[in-house]
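Undergrad: Below is one structure. I have some questions about it.
The values are calculated or read from the model by the stated rules, or taken from the named source; none is laboratory data. Keep in mind that this is a model prediction, so the values were computed, not measured. Glycine gets a Cβ as well: all are built from the backbone with ideal geometry, and neighbour counts include every protein chain shown. Please note that ligands, DNA and RNA were not included when accessible areas were found on the heavy atoms of the full protein model with its side chains. Shrake-Rupley method; radii C 1.70, N 1.55, O 1.52, S 1.80 Å.
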Amino acid sequence: MRRCFPLCLILFVSLIFTVLSCAPASLFSDHWDKIEAPQFDRTTSPYEDSPDAVVVFDLERMFIDSQEWDIVRERHVRIQIFTEAGKEYADVRIPYWHDHRVTEIKAQTILPDGQRIKLENEDIFEEGDQKKWLYKVFALPGVEDKCIIEYQYKYRSTSIGTAQPKYFQSYLYTEYSKFSMTLPQGFEYKATTRNLPLNYVTPEKIEFDTPEQKNMARFTWEFQDLPPIKDEPFMYNREDHLFSINMQMVSYVDPYNHITFIKEWEDLVKVIMEEYDSYFRGSGALKDMLAEIIPQDSNHGLQPRDLFLFVRDDLTRSSNQGLWQLKQMNEVIKQRQGSRVEKNLLLTALLRQAGFEADPVLIARRDYGEVSLVSPNLNNFNHVIVRLTANGELSLLDAGYPYSTFNLMPSANYSGAGLVIAEGEAMFMSFPTKTPPSRSDVLTNCRLDESGNLTGSFQIKSTGFYASTFRAAHAEYANDKKFAYDHIIDHIPGIIVDSLELNLNLDDLREPVLATLHFQIPEYFIPGTAMMYLPTTFFNGFRTNKLVSEERTHPIEYDATLRIQEIVNLEIPEDYEVIETPDPASVTGPGLGFQKQVKPTGNMVQFIWKHQLVDIFQPAEKYKQLRHFYTEAAAVDQGVLVIKRKDS
């Protein structure tokens, strides 16, 4: 979820501002509790892609409270529910940053017979982290099929510099959406749009006066028939694909002040450099910390990797994940603790202190959303990494993640573009979105006995992102067997873990992770059966096709390139013989490959299973080909090995 940057404006203001009039009991009195009869005439949803519920309308207006210097947003949503599954949309969660406020919540359920069931105040709850995101949570009462629910609330934000994006689309079909932004005299905001609908029209600026203020300006966006956007497999961030508007303050002008906040990219860099000022200045504490770092190779002196390992391993990571309100550098040094951003800023400072060329780089991690280069906006970013130039080579570093290596950041960092934080003209840098393939090699040795039980072992070797995610997941568990059930063999039904041996190579994360898991699967087949049909997948397999939608309008996005191989050596009982095996198969798709062979020799059967992914991004135009690949691969993996008793 995106966090707005808190702008602090120091103003000399001699004007006396009049408090904006209090909101009425119903924020949108022209619409609240006013239902058109034809809405209840609908017994089913008219939209195939939104069969369970429909957003009848979503109304929102945003304005500046020029006495409190707050952004105020008022919203009223009405939804019609058609099915049992649609009732989930009656459970409402309103997110807000911990120092913002959500008030004037009002909600009701309207039944087809006209009965109103109102939400009581005591049924509104608060959840979340008191230092981060909080949520107002409530469930609409008395919900049933074909009813209508509606709710309203007021959101007050102190982050006047940037506002939370307005998303016009949701998981449901939206029949009507309207959003307006009203600005007092002197305020200038920039609104940037993404994923515009075909009928988009740039709103006109409407100027008007009120009894309290003159020269007001209003912009209104109004749309009908917006399709839903669902969560789908292989999608970094669903919000990247929604029609949205991002708003950021450009400037404020009055007779006594002329303040430019962010108009150009250089303004944004300046704001960031002021925020991170202590990390751009040397200090005695920084020199002392540098002096205590011991080179791993005394013959070559202190190297960038030595500094990276020190910051990654010797400083504890704190829970704060934000870009703003960071600790001063000397405080991080004294506490030996910092957030991911603070650790990377400290690494930058240490590298510079040691004489290396390094800069912090603002990025948006893949799961946060794509950076828009159209207009500068602080809400576009959520992380800081380090750009290092040494020995003529460029490296990107993330010492804030405990399982990064000097040459490999977390996969979500490889988003393709970043804003360099340095003096001078603002500069974007591009970097690869993919890295060398991560590998998973599995050797499966197993034996099928006469009583129908399968016993054996998986020997798993993981490199790259497979290794880092394995280490990170294991760190959350105190019990290895529990970890094995939850993260290694959770996809294999009926399996029992006998033992797990791990070599995580935590002393050198460049090394692979090695795991050997001994297992048994009781009653793998029924003893005494003359003929048996055995599956031909073991640890790896395309068991289903995740791409179930007929069409897709947005790209297919994978985490990383990969190469997976599994070799299975299966021993069948002596009194059985193989009578049929699947044919060798090879399936290809855009950036994808899959090969499989089954080779019997006496009472031993060897399976060779291989899968490659070489491109992490595929356009929507390739969706049908990709869907066909997974359908074909799953069909291959449905093939069976047929064995029968020799005496039958």
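Undergrad: Measuring from label point to label point, each 7 Å out along Cα→Cβ, what is the residue 648 to residue 31 span in nm?
TA: 6.7 nm
Undergrad: What pairs from 434/461; 34/87; 34/190; 546/596 go past 25 Å between their alpha carbons?
TA: From the list (434/461; 34/87; 34/190; 546/596), the Cα-Cα distance tops 25 Å for 34/190.
Undergrad: Which aspartates and glutamates have a Cα lying under 18 Å from the Cα of residue 622, excluding residues fewer than 8 positions away in the same chain?
TA: Counting by Cα, and skipping residues close in sequence, residue 622 has these aspartates and glutamates nearby: 232, 550, 551, 557, 559, 632.
Undergrad: What does the C-alpha gyration tensor say about the overall shape of the chain? Classify as rounded when a/c is under 1.5, otherwise prolate if a/b is larger than b/c, or oblate.
TA: oblate
Undergrad: Continuing with this model, one more query. Once phi is turned into θ = phi - 60°, what whole-Hz ³J(HN,Hα) does the Karplus curve with 6.51, -1.76 and 1.60 give for every residue of segment 242-253, x standing for Gly and Pro?
TA: Along segment 242-253, the couplings run 8, 5, 8, 10, 9, 10, 9, 5, 9, 7, 9, 9 Hz.
Undergrad: Still on this structure, please answer the following. Under the classification rounded if a/c is under 1.5, otherwise prolate if a/b is larger than b/c and oblate if not, where does segment 23-98 fall, given a ≥ b ≥ c as square roots of the Cα gyration tensor eigenvalues? Working shown, then result.
TA: Values: a/c = 3.12, a/b = 1.87, b/c = 1.67.
Judged from the Cα gyration tensor, segment 23-98 comes out prolate (a/c at least 1.5, a/b above b/c).
Undergrad: Then there is this: Can you list the residues, at least 5 places off or on another chain, whose amide H is less than 5 Å from the amide H of residue 119, using H built in the peptide plane?
TA: Amide H to amide H, under 5 Å and 5 or more residues apart or across chains, residue 119 pairs with 107, 108, 109.
Undergrad: So what J values fall out for segment 505-520 if you push phi through Karplus, 6.51 cos²θ - 1.76 cosθ + 1.60 with θ = phi - 60°, rounded to Hz, Gly and Pro as x?
TA: 6, 5, 6, 8, 6, 6, 7, x, 8, 10, 9, 10, 10, 9, 9, 8
Undergrad: Then there's this: Rank by packing, highest mean first: peptides 128-141, 384-397, 108-121, with packing defined as the count of other Cβ atoms within 10 Å averaged across residues.
TA: On the way: 128-141: 15.6, 384-397: 17.9, 108-121: 13.9.
Order by mean packing, descending: 384-397, 128-141, 108-121.
Undergrad: Evaluate the relative contact order of segment 303-393 (contact order divided by residue number), counting alpha-carbon pairs under 8 angstrom at least 6 apart; express in whole percent.
TA: Relative contact order comes out at 28 percent.
Undergrad: Could you sort 482, 624 by their accessible area in this structure, using a 1.4 Å probe and putting the largest first?
TA: In descending accessible area the options line up as 624, 482.
Undergrad: While we're looking at this one, here's another question. Given Cα pairs under 8 Å that are at least 6 residues apart, what percent is the relative contact order of the chain?
TA: On the way: 1347 pairs, mean separation 59.6, N = 648.
Relative contact order, the chain: 9 percent.
Undergrad: Would you please give the FRET efficiency between residue 567 and residue 234, computed as 1/(1 + (r/R0)^6) with r the Cβ-Cβ distance and R0 = 30 Å, to the nearest 0.05?
TA: 0.65
Undergrad: What figure, in Å² to the nearest 10, do you get for the accessible area of residue 486 with a 1.4 Å probe and non-protein molecules left out?
TA: 50 Å²
Undergrad: Relative contact order for segment 495-582: what percent, with Cα pairs under 8 Å and sequence separation of 6 or more?
TA: 20 percent
Undergrad: Cross-link candidates for residue 287: which lysines have Cα within less than 21 Å, leaving aside residues fewer than 8 places away along the same chain?
TA: Correct list for residue 287: 327, 334, 343.
Undergrad: List the lysines whose Cα lies under 23 Å from the Cα of residue 646, skipping any in the same chain that are fewer than 8 positions away.
TA: Partners within reach: 599.
Undergrad: Tell me, what HN-Hα J-couplings in whole Hz come from the Karplus equation 6.51 cos²θ - 1.76 cosθ + 1.60 at θ = phi - 60° for each residue of segment 405-411, using x for Gly and Pro?
TA: Calculated HN-Hα couplings, in order: 10, 4, 10, 8, 7, x, 4 Hz.
Undergrad: At R0 = 35 Å, how high is the FRET efficiency between residue 257 and residue 93 if r is their beta carbon distance? Nearest 0.05 is fine.
TA: The calculated FRET efficiency here is 0.35.
Undergrad: I'd like the carbon and sulfur percentage of the solvent accessible area for the chain, probe radius 1.4 Å, heavy atoms only, ligands and nucleic acids excluded.
TA: Details: 15110 of 30590 Å².
About 49 percent, which is the carbon plus sulfur part of the accessible surface.
Undergrad: State the Cα centre-to-centre distance between segment 432-505 and segment 171-216 in whole Å.
TA: So the two Cα centres are separated by 53 Å.
Undergrad: Heavy atoms of the protein only, probe of 1.4 Å, neighbouring chains included. What is the accessible area of residue 179 in Å², nearest 10?
TA: 0 Å²
Undergrad: Heavy-atom accessible area per residue, segment 201-354, 1.4 Å probe: how many Å²?
TA: Ligands and nucleic acids excluded, the result is 50 Å² per residue.
Undergrad: What 222 nm value per residue comes from the helices of the chain, counting each DSSP H run with n ≥ 4 as -39,500 (n - 2.57) and dividing by all residues, nearest 500 deg cm²/dmol? Provide the component values of the computation, followed by the final result.
TA: Values: 9 runs with 87 residues, N = 648.
Counting only the DSSP helices, I get -4000 deg cm²/dmol.
Undergrad: So for the chain: antiparallel DSSP bridges make up what percent, rounded to the nearest 5?
TA: The answer is about 90 percent antiparallel.
Undergrad: Further question on the same structure: Using a 1.4 angstrom probe on the protein heavy atoms only, line up 182, 601, 463 by accessible area, largest first. Please list the in-between numbers first.
TA: Details: 182 15, 601 105, 463 40 Å².
Largest accessible area first, the residues go 601, 463, 182.
Undergrad: While we're looking at this one, here's another question. Can you pull the accessible area of residue 646 for me, 1.4 Å probe, Å² to the nearest 10?
TA: Probe radius 1.4 Å; accessible area of residue 646 about 110 Å².
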